[in-house]
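The values are calculated or read from the model by the stated rules, or taken from the named source; none is laboratory data. Here the structure is a predicted model, which is why all the values come from computation and not from measurement. Cβ placement follows ideal geometry from the backbone for every residue including glycine, while neighbour counts extend to all protein chains displayed.
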Amino acid sequence: MALIKRRKATYYDKFYNVNYYNVRNTAWEFLIKNNVTSYPLDLHNIISNNNWNLLTYKSYSKAYHLPREELKKISTDGFVDLDEEERYCIVINEENSKQRCRFTAAHEIGHIILHKVFKDEDRLEKEANMFAARILMPMILLKELDITTPEQLAEVCDVSIESASYRLKRYNQIKYRERFYTNPLEIEVFNNLKNFIKQKKN
């Protein structure tokens, strides 16, 4: 599936030094490719279906004989590695809350899909965060389910109140532009979620 090329730089591109349209469209493509039809997003199933691996800091530390403190020096949340079979391995600090672990896993998936290389660079981290928010909390869910509070969004998408608050704030900034369903990728994501949305409304 080809990416829809952007015509001009956006506020996000200029202010945050990221490729906004690429992140947004790639997130939609990811949801379509992985046939996402309901929420909360089943990250374990997605990781398994893509032949990636998921490890906790505890299991990674045991497998590779590395102290947990050494892993925390890499990141207090998580990171991506390649295992012996050259498969992507998403490593998560299980001491964090369930919702934070979910966002971290989605963030690391963002690195895999968007960047292919992993280094501590501000732009790459911002893009991975944007990707994670867009696959965990698609805007069409907020619109179709008329979500107005962080608590509602957190319940539907199994994310933290903090993440939900940031996403809802962004939604409130753009909802009056009436730009929903103008992109064929978003339309396809919506069509895949129609039954779920109908069920949640009833």
Open item on the list: Can you go through 115, 111 and tell me which one is surrounded by 22 or more Cβ atoms within 10 Å (Cβ to Cβ) and in contact with a helix residue (DSSP H, G or I) (Cβ under 9 Å, 6 or more places away or on another chain)?
Closed with: 111
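Conditions tested, residue by residue: (1) crowded, with 19+ Cβ neighbours inside 10 Å; (2) on the phi > 0 side of the Ramachandran plot; (3) among the hydrophobic types (A, V, I, L, M, F, W, C).
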residue	(1), (2), (3)
123	no, no, no
130	yes, no, yes
133	yes, no, yes
149	no, no, no
156	no, no, yes
162	no, no, no
165	no, no, no
TODO: Specify the residue that is farthest from the chain's Cα centre (by Cα); the eligible residues are those in segment 114-140 that are modelled with pLDDT under 95 and of a type in the set (Lys, Arg).
DONE: 119
- [ ] Pairs only if they're at least six apart or on different chains, beta carbon under 7 angstrom, first in segment 162-178 and in contact (Cβ under 8 Å) with a residue 24 or more places away in the chain and under 14 Å from residue 138 (Cα atoms), second among the charged types (D, E, K, R) and surrounded by 11 or more Cβ atoms within 10 Å (Cβ to Cβ); list them, first residue then second.
- [x] 175/143
Open item on the list: Quick check on residue 96: is it surrounded by fewer than 19 Cβ atoms within 10 Å (Cβ to Cβ), of a type outside the set (A, V, I, L, M) and closer than 29 Å to residue 25 by Cα?
Closed with: no
- [ ] Please state which one of 143, 169 is surrounded by fewer than 13 Cβ atoms within 10 Å (Cβ to Cβ), at pLDDT 95 or above and out of contact with any Gly (no Cβ under 9 Å at 6 or more places or on another chain).
- [x] 169
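Quick one: how many residues across segment 56-106 are touching a Cys at 6+ places or on another chain (Cβ under 6 Å) and at pLDDT 95 or above? Please lay out each step first, then the result.
Filtering segment 56-106 down to residues touching a Cys at 6+ places or on another chain (Cβ under 6 Å) leaves 81, 83, 92.
Of the ones still in play, those that are also at pLDDT 95 or above are 92.
So the answer is 1.
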